[in-house]
2 protein chains.
Amino acid sequence: MRIESVDFFYLSMPQVTTEADGSQDALLVRIAAGGLVGYGECEAAPLPSIAALVCPLSHGSCQPVQDSVLGQNINNPSDIRRISQLVAYQSMDLLQAVHTFSGIEMALWDLLGKSKDVPVWKLLGYQESFAKTPYFSVLFGDDPAITFQRAKEARQKGFQAAKFGWGPIGLGSASEDREQFQAAREGLGNDGLLLVDTGQIFGEDVEKASQRIGAMEEVNVLWFEEPFHAHALQEYGELAKRSGKIKLAGGEGAHHPSMAKHLIDFGKVGYVQIDCGRIGGIGPAKLVADHAVTKGVTYVNHTFTSHLALSASLQPYAGLKAHEICEYPGQPKSLALDITKSHLALDQNRQIKAPEAPGLGMEINLEALNSYLVDVSIEVNGQNLYKTPEF
Amino acid sequence: MRIESVDFFYLSMPQVTTEADGSQDALLVRIAAGGLVGYGECEAAPLPSIAALVCPLSHGSCQPVQDSVLGQNINNPSDIRRISQLVAYQSMDLLQAVHTFSGIEMALWDLLGKSKDVPVWKLLGYQESFAKTPYFSVLFGDDPAITFQRAKEARQKGFQAAKFGWGPIGLGSASEDREQFQAAREGLGNDGLLLVDTGQIFGEDVEKASQRIGAMEEVNVLWFEEPFHAHALQEYGELAKRSGKIKLAGGEGAHHPSMAKHLIDFGKVGYVQIDCGRIGGIGPAKLVADHAVTKGVTYVNHTFTSHLALSASLQPYAGLKAHEICEYPGQPKSLALDITKSHLALDQNRQIKAPEAPGLGMEINLEALNSYLVDVSIEVNGQNLYKTPEF
């Protein structure tokens, strides 16, 4: 099969705000080859990712992503790796390229799975797709009473685990943060898994981050996620020495498998969290999962958007039975739910798993998407380089 | 002073090819505040960097770069650091943001220097701008005879050092590469400094890269640059153990100061090469220079474009006398030379240094740029987000 077209669809809620909710827009990718189509989704800013797809050539190491994809043969997983390496080499100096390519790579796996009539996780070498225990992902409330309510809601919805993130944590004192952690634990009950995500708020300040460890230990927090920025390997490693039984978690900012491997090897995280929409797709994420297994670190997906992205993010560790926790978008905007007709709903054990259906196993809800479609036009020297395509 | 405007000008040669020459286009940045203007330059793909400046908000951690810059106060170096941190935090999930901001950050230093009537290197804390020995930077020829000619040309032009890069190196056998290294040495003479840049061609293949070490030792190569991709810390470290007296060099792909520090600490490079147009500007580059000094590693600029970018790239290590080598664009396209009226020409000792004039000390040649100006228009849902501004 030859790749005939790469279409990018920028979708958005009518109103987008500065809240820390990544489900307010999306960049859906459609690939056509051999009479089939595959779908994927890029995480992060749609417009810059579109620009990286279609931009004029700057020089040999700064080519638009589409120049390494269109016309390529795609018959086997090795073709996906080959195209991936071609993009990395020919777009070496185009930083956004890997975010752009991540959605394309997912779509190529989806298409390849459909052509071979197998789910993607089988193409990755797994024999079985094991059930994962999803955690409910929400933001800390502005005061502990709201956090308490959200924790209760997570239990009422049947979740055994909940992650609280961002909000006021790190902005005030350590004792204010303690009250938040305690409210989350009270709402969740003593038997629920409690996870904390501080969204890089401590920058590179190991001392300030370590002042939160005691309060986390008191309420039995499972992991302390993203204390620092994505490149702070030494600070992660330093905090890990002081974090006692609280394991560090991170990796969502990784845009190369080596970045995530370094967070394991040098940053000493206990949980490595990968967003397939940023790291270059499913193949690079699988490399991280393999590395996590050899290092005794637990792999977890990072997903805050659609169930298409959720299916993609489960594939790299679908066959790893012991790596059981998964992120599950708790309160996504309607856009994120409307992207697919099918959804990965909780089963009777309150678990989900990567679908058995071919490819990523998700049906796109094209009719529903028209109302979210953003009309984009990019012209350079009088020539149209991008216009929102038809579904 | 308040930042009133941020203008991006996409400039390009009429023809852009896939040769490994980064001077074929440019993204010039103009900042206005307090009745003054400052100029900077972003390295890498102009269109995606423009998109990252003006894109619609995706969520709180994925904001367009301009939202963290416009309206900010700029009176002291600490303001530049503050704005830099704001961009990093508010555009955390927008990968291209740091390339976009790099040119803005340079322009802020230029403007601040002009407002205080001092060169940027003084604002960075240096007392003196020391002379640097530029190396002539060219590509390996398709056969050794061309490489030999280019090496002779470097000496005829008065350069004491020459770097040969890319071309056929790594694509054929190690013995073919040996012939290239020997041709470069013969053309350069025994007293010239010979540098080799392999442009990431060995990916993560330490074995293949190490097969080139012997031939480099035979002709006394000073450094072996970019054997691997920008995130291959462990591979750099492994090769460094086997490279004998040949020092490794790398860092141009660093888009965060921690990335460059890790290349020193884990990758064991002997030379760290920073592009101020990618790493976030002059301030982050200065952090790397400080780290290099403490670790006994030599700092070198990475510059392949204009003399505005060259002045910016010299500032972070202008005051480091012992860090004497600098990259000097050897055969840039006319665009790169036409961006400035003034140029950093070689003095009677065949050296250059960061200017004594205020700011970056370079005068922009606005009249000459009209013929290179690329007309760009970006529309989203009927609203124009970017249109090429007037000079």
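The values are calculated or read from the model by the stated rules, or taken from the named source; none is laboratory data. Quick caveat, the model's predicted, so the values are computed rather than measured. Cβ sites come from the backbone with ideal geometry, for glycine too, and all protein chains shown count toward neighbours. Each accessible area value is taken on the protein alone, full model and side chains, heavy atoms only, with ligands, DNA and RNA left out. Shrake-Rupley method; radii C 1.70, N 1.55, O 1.52, S 1.80 Å.
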**Q.** Residue selected from region B:55-104 under the condition surrounded by fewer than 19 Cβ atoms within 10 Å (Cβ to Cβ) and not in a helix (DSSP H, G or I), by the criterion nearest to the other protein chains (Cβ to nearest Cβ)
**A.** B:57
Q: Pick out the one residue from B:261, B:245 that is more than 11 Å from chain A (Cβ to nearest Cβ), among the basic types (Lys, Arg) and open to solvent by 10 Å² or more (accessible area, probe 1.4 Å).
A: B:245
Q. Taking region A:27-49, which residues are open to solvent by less than 10 Å² (accessible area, probe 1.4 Å), in contact with a Phe, Trp or Tyr (Cβ under 9 Å, 6 or more places away or on another chain) and assigned to a strand (DSSP E or B)?
A. A:27, A:28, A:29, A:31, A:38, A:40, A:42
Q: Please specify each residue of region B:203-215 satisfying the condition of being part of a loop (DSSP other than H, G, I, E, B) and open to solvent by 10 Å² or more (accessible area, probe 1.4 Å).
A: B:203, B:204, B:205, B:211
Q. For region A:222-240, how many residues meet the condition of being among the aliphatic types (A, V, I, L, M) and in contact with a Lys or Arg (Cβ under 8 Å, 6 or more places away or on another chain)?
A. 2
Q. Of all residues in region A:346-391, how many are farther than 30 Å from residue B:373 by Cβ, outside any helix (DSSP H, G or I) and away from every other protein chain (no Cβ under 14 Å)?
A. 22
Q: Scan B:159, B:101, B:130, B:136 and give me the residue that is at pLDDT 95 or above and in contact with a strand residue (DSSP E or B) (Cβ under 9 Å, 6 or more places away or on another chain).
A: B:101
Q.
Please determine whether any residue of region A:149-171 is over 30 Å from residue B:95 (Cβ atoms), surrounded by 17 or more Cβ atoms within 10 Å (Cβ to Cβ), out of contact with any Cys (no Cβ under 6 Å at 6 or more places or on another chain) and small (Gly, Ala, Ser).
A. yes
Q) Would you say residue A:266 is in contact (Cβ under 8 Å) with a residue 12 or more places away in the chain, open to solvent by 30 Å² or more (accessible area, probe 1.4 Å), among the hydrophobic types (A, V, I, L, M, F, W, C) and within 14 Å of chain B (Cβ to nearest Cβ)? A) yes
(Q) Looking only at region B:12-54, count every residue that is within 12 Å of chain A (Cβ to nearest Cβ) and over 24 Å from residue B:254 (Cα atoms) and tell me the total. (A) 6
Q: Tell me which residues, restricted to region B:341-362, are without any contact (Cβ under 8 Å) to a residue 60 or more places away in the chain and open to solvent by 60 Å² or more (accessible area, probe 1.4 Å).
A: B:341, B:343, B:345, B:348
Q: Return the residue satisfying two criteria in turn: it lies in region B:274-286 and is of a type outside the set (Val, Ile, Thr) and more than 14 Å from chain A (Cβ to nearest Cβ), and of such residues it is nearest to the chain's Cα centre (by Cα).
A: B:276
(Q) Can you pull out every residue in region A:1-11 that is closer than 22 Å to residue A:276 by Cα and away from chain B (no Cβ under 14 Å)? (A) A:3, A:5, A:6, A:7
